[in-house]
Amino acid sequence: MKRSRQSLMSGVLGLTGCLALSLSGCKVPEADAAEAKPPPRKAPASNVVPASATAPSDAKVRTPFAAAREAFERNSVNANPFADNNGNIPPSSQYQGPLFSLSHDYPQSPVAPPANPPWIAALKGQPISKANALAYVNALKAYIAPSMQTLLYNYPQWDAAKAGWYNEPWLASIRESIHGTYVGSEFPAATFAASGLKVDMTTYVLTYYDKVAAYALGQVWGKTAMNPTLTNTSAQFPEGSIVIKVALTSALAKDWPVMQGATLWPVYVPPPNGPSNAPPQVMNASVMQFDIIVKDTKTAPKTGWVFSTLVYDMRVPGSAWDKMIPLGAMWGDDPNVNSTQNPGAPLQETVINPAAPEYSTATLGWGGRLSGPNDGAVVDPAIVNGKLVRNVQASSCMSCHSVAEWPMKTFLLPTTTMPPTVGGPDKNALVLEQPGSQAWMKWFQDNPGNVPLDPGTVPMDFDMVFAFKSLPAWQAATQGNSGMKAFEALDAVRGQSPVNPRDLKYNGQ
């Protein structure tokens, strides 16, 4: 059940106040909130403005690093790991519907997955391949449909805990209060110009773990989330674990025709094309992408996971859920296919749906590896061998997630340094390794999730929320720093305010 508006009006406890004394001396109102909650209320259609509304005159295009810095300046880490949101609650004049409530009563004993998972049955006894991978994805989609259709299309009836879906702790400071989303990526209009995008857009994401996967959350965070267990096995997800991510875009149909008829979610966020200090407003965002990943070592023995992405396709008849069709699937990173040296070589561990809408294939990863329109696999601009290069395919779903380790010693994208080095006229171009080089191929291997990318780190089993967001936030709250001082040092050299990497554009999961 969702908490009442009043019980959430607690404010955000930042580092400079509460933590300067001690965590034990902090009283967090959410922690003592009464459990009695009123029935959810439906949101009125009025007073909701488009998230893509015309920007004020002082608006500016923000680079990924500048946008991240602004987000960090707006948010301090909440000392309560199970707080629901960033403390900004929409006034009743703008919104009267249900609010996000963090689901964190993780299973304390393993939960058995289906005895004969329908997604594996869809392969009909054959290895996953171009011939059957989309059937696998559609079976996964059908399996989670009952609960996900409630989340997506009937939010007043959504009860995550009752439905058996869970969230990571420690992310309240970056979560908006209606759906619990946080900023995923920012894209200039030029990225999707071919499909008619007229404005720069921001994406917002929300991740849930099913009850099989949530056992691993409990193994790491325990009951309090204050002293995580970080061993080589604690973050390993059980067989059959499912993790989903909803991705929304601030662009509406009037600004991006491909979103015609897309489901709209109200979110309480600063206007994405407005000034950096703009207060939040209730705005609509379009449901664009839906990721499903499943721990399936039988189907994917090399990596242990199958990644799949659904995208909105206005051309498909039927319900809103019917219109979320597979973009593709991947179960490995094709380390034997050098897509720079042999650009025509077919991938063996990625399948892309030939019927997917054109906009969704504009940002595929290196060599056409799976990556959705939310995922930031195309770097623009980039610097390669000292030269400014446009639109470099630099990642994939699995290559990004393969760096899930604690502490992170490798960035999500194949940059030459960690932390990343930037250059170019506006100092917003990532300096990348030479595509296809031996250094580049570090990101494109088929390692299982219990093998960290770098020695001396704890493997996080492809979970980037652990590695890139919740663990850095925990360390910032309990130890006074994010555990990634190198990023802050990089900003200091550039004469800019510190930025926490968990707020960067490339958020992974």
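The values are calculated or read from the model by the stated rules, or taken from the named source; none is laboratory data. As the structure is a prediction and not an experimental result, all values here were calculated from the model. As a convention, Cβ positions derive from the backbone with ideal geometry for all residues, glycine included, and neighbour counts pool all protein chains shown. Ligands, DNA and RNA are excluded from the accessible area calculation, which covers all protein heavy atoms including side chains. Shrake-Rupley method; radii C 1.70, N 1.55, O 1.52, S 1.80 Å.
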If a residue has to be part of a helix (DSSP H, G or I), out of contact with any Asp or Glu (no Cβ under 8 Å at 6 or more places or on another chain) and not β-branched (Val, Ile, Thr) to count, how many in segment 140-167 make the cut? 18
I'd like the residue in segment 144-203 that is under 19 Å from residue 263 (Cβ atoms) and of a type in the set (Val, Ile, Thr) and, out of all such residues, is most open to solvent (accessible area, probe 1.4 Å). 150
What are the residues in segment 217-250 that are among the small types (Gly, Ala, Ser), touching a residue at least 24 places away in the same chain (Cβ under 8 Å) and out of contact with any helix residue (DSSP H, G or I) (no Cβ under 6 Å at 6 or more places or on another chain), if any? 218, 225, 247, 250
When residues of segment 367-382 are filtered for being in contact (Cβ under 8 Å) with a residue 40 or more places away in the chain and open to solvent by 10 Å² or more (accessible area, probe 1.4 Å), how many remain? 4
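Can you find a residue in segment 361-382 that is over 27 Å from residue 249 (Cα atoms) and not small (Gly, Ala, Ser)?
Looking for residues that are over 27 Å from residue 249 (Cα atoms) and not small (Gly, Ala, Ser), one finds none in segment 361-382, hence no.
Condition check ((1) open to solvent by 20 Å² or more (accessible area, probe 1.4 Å); (2) modelled with pLDDT of 55 or more) across all residues:
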{"position": "403", "(1), (2)": "no, yes"}
{"position": "440", "(1), (2)": "no, yes"}
{"position": "472", "(1), (2)": "no, yes"}
{"position": "481", "(1), (2)": "yes, yes"}
{"position": "508", "(1), (2)": "no, no"}
Taking the residues in segment 81-116 that are touching a residue at least 24 places away in the same chain (Cβ under 8 Å) and among the aliphatic types (A, V, I, L, M) as candidates, determine which candidate is surrounded by the most Cβ atoms within 10 Å (Cβ to Cβ). 83
Please determine whether any residue of segment 346-356 is among the charged types (D, E, K, R), open to solvent by less than 50 Å² (accessible area, probe 1.4 Å), under 18 Å from the mean Cα position of the chain (by Cα) and at pLDDT 95 or above. no
Scan of segment 370-394 for residues that are more than 15 Å from the chain's Cα centre (by Cα) and either among the small types (Gly, Ala, Ser) or not in a strand (DSSP E or B) (or both), ordered by number: 370, 380, 381, 382, 385, 386, 390, 391, 394
Among the numbered criteria (1) at pLDDT 95 or above; (2) part of a loop (DSSP other than H, G, I, E, B), which single criterion is violated by residue 367? (2)
Residue in segment 326-338 that is in a loop (DSSP other than H, G, I, E, B), open to solvent by 20 Å² or more (accessible area, probe 1.4 Å) and closer than 21 Å to residue 184 by Cα present: no
Name every residue in segment 407-438 that is closer than 16 Å to residue 465 by Cα and either modelled with pLDDT of 95 or more or open to solvent by less than 20 Å² (accessible area, probe 1.4 Å) (or both), in order of residue number. 408, 410, 411, 412, 413
Odd one out for residue 106 among (1) out of contact with any helix residue (DSSP H, G or I) (no Cβ under 8 Å at 6 or more places or on another chain); (2) modelled with pLDDT of 95 or more; (3) of a type outside the set (Gly, Ala, Ser); (4) assigned to a loop (DSSP other than H, G, I, E, B): (1)
